[in-house]
Amino acid sequence: PVQFHKDGKRVYLDSNKGDDVDLSRLLLLDVATGATEFVESDPDKEVDFGSAVFDGETKELMATAYIGDRVRIYPKTKRAKEDLQRIQKQLPPGNIGLGSATKDMRYQIVAIQSDLEPGAAYIYDRKSGKFALQYRLRPKLQSDALAPMKAVQYKTRDGLTIHAFLTLPRGVEAKNLPTVIHPHGGPWARDNWGYSPYPQFLANRGYAVLQLNFRGSTGYGKKFLNAGNHEWGIGAMQHDITDAVQYLIAQGIADPKRIALFGGSYGGY
């Protein structure tokens, strides 16, 4: 369940129920009858349903969001469209997060996070259309000292597309670099584009760092998640990591004699 509809009779659901359903989607459930109504799924048909934002005043569905290579936001109301335009025009680029709002929706917390910005929070005044910075999460980390992260994709030996994120050291050519493969934990989890402390620490010291959403990662549908069953640390799941290394070598980025594997939880396993 996500939230009650404004009519008080139906509930928004995030669901991937059904043998013919792969990516999770947003539905409306009639609590009295049990009937469900389709609302939305990823327009790009790439990832599971992400999140929904509701208007605190009208209770309308304001916007939906999906986490692909970047966070994609789809405004549903006039207010949300105006909000998004103002955010994109006035605030630094990055992933947008809408936090708490006053009941009349005049003021709302807006967060911005990116590969070069660990996180900044603003108070948004809808009446004036202005944003006031409240704080930065890591004020001593300056953006010009951080390394850009870019989304990349590669094919596995059995034809799956893997979404990954590559962080390269600043000021050096992206060629024949010592490289760290940094698999996430879980493994029922995923990596996203944005600020990540370990890749930044390593890139600052001259390493290329690749984070990859190997099969068994969440967010890319049931088929992709279940492709990791019985493959943890062996077989196809491990081949996804090896194929990532081969991709970086083929691109000329990684020095094949200087490659390390580093992680925690499943990433350590």
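In plain terms, the chain from ARG157 to VAL21 could stretch by 46.4 nm, reckoned as 0.36 nm per residue minus the Cα-Cα distance. Here the Karplus relation 6.51 cos²θ - 1.76 cosθ + 1.60, evaluated at θ = phi - 60°, turns the backbone of the range 107-120 into coupling constants of 10, 8, 7, 10, 10, 10, 9, 8, 4, 9, 9, x, x, 9 Hz, with x for every Gly and Pro. Normalised by residue number, the volume inside the convex hull of the Cα atoms of the range 1-140 is 120 Å³ per residue. Residues of the range 9-40 with an amide N closer than 19 Å to a point placed 7 Å from the Cα of TRP188 along the Cα-to-Cβ direction: 14-25. Residues in the chain average 53 Å² of solvent-accessible surface per residue, probe 1.4 Å, ligands and nucleic acids excluded.
Rolling a 1.4 Å probe over the protein heavy atoms of the chain, with every protein chain left in place, gives an accessible area that is 53 percent carbon and sulfur. Here the dipole of the chain is about 860 debye; that uses its Cα centre as origin and unit charges on the Cβ of Lys and Arg (positive) and Asp and Glu (negative). Screening the chain for DSSP H helices whose Cα atoms reach 20 Å or more along their own axis and whose mean Kyte hydropathy is at least 0.0 gives 235-250. The Stokes-Einstein estimate for the range 150-238, based on a Kirkwood radius over Cα pairs and taken at 37 °C with 0.692 mPa s viscosity, is a diffusion coefficient of 238 µm²/s. Stretching the chain fully between ARG106 and ARG170 yields a gain of 18.9 nm (0.36 nm per residue, less the alpha carbon separation).
Rounded to the nearest 0.05, what FRET efficiency do GLN85 and LYS223 give with R0 = 51 Å and r taken as the Cβ-Cβ distance? Could you check?
0.90
Quotient of the Cα radius of gyration of the range 52-122 and 2.2 N^0.38 Å, N being its number of residues: 1.08.
Calculation over all alpha carbon pairs of the range 176-227 in 5 angstrom steps from 0 returns a P(r) of 4, 21, 24, 20, 14, 10, 6, 1 percent. Which value, in Å to one decimal place, does the Kirkwood hydrodynamic radius take for the range 212-265 when every pair of different Cα atoms is included? About 12.3 Å for the range 212-265. Scanning the chain for GluC sites (Glu not before Pro) in DSSP loops with at most 16 neighbouring Cβ atoms within 10 Å leaves 61-172 as the longest stretch between them. For the range 134-269, the relative contact order is 31 percent, taking Cα pairs closer than 8 Å that sit 6 or more residues apart in sequence and dividing their mean separation by the residue count.
Taking amide hydrogens as placed 1.01 Å from N in the peptide plane, the amide H of LEU177 sits under 5 Å from those of ALA254, ASP255, each at least 5 positions away in sequence or on another chain. Hey, with R₀ at 45 Å, roughly what FRET efficiency would VAL11 and LYS130 work out to, going by the Cβ-Cβ distance, to 0.05? Calculated value: 0.80. Eigenvalues of the alpha-carbon gyration tensor of the range 81-162, scaled by 5 and square-rooted, set the equivalent ellipsoid semi-axes at 31, 18, 11 angstrom, largest first. Binning all Cα-Cα separations of the chain at 5 Å, short to long from zero, yields these whole-percent fractions: 1, 5, 11, 14, 15, 15, 13, 11, 8, 5, 2, 1, 0.
Pairwise inverse Cα distances across the range 67-213, averaged and inverted, put the Kirkwood hydrodynamic radius at 17.2 Å.
The values are calculated or read from the model by the stated rules, or taken from the named source; none is laboratory data. Since the model is a prediction, treat every value here as computed from it, not as a measurement. Cβ coordinates were reconstructed from backbone atoms using ideal geometry, including for glycine residues, and neighbour counts include every protein chain displayed. For the accessible areas, the whole protein counts, side chains as well, though only heavy atoms, and no ligand, DNA or RNA atoms are used. Shrake-Rupley method; radii C 1.70, N 1.55, O 1.52, S 1.80 Å.
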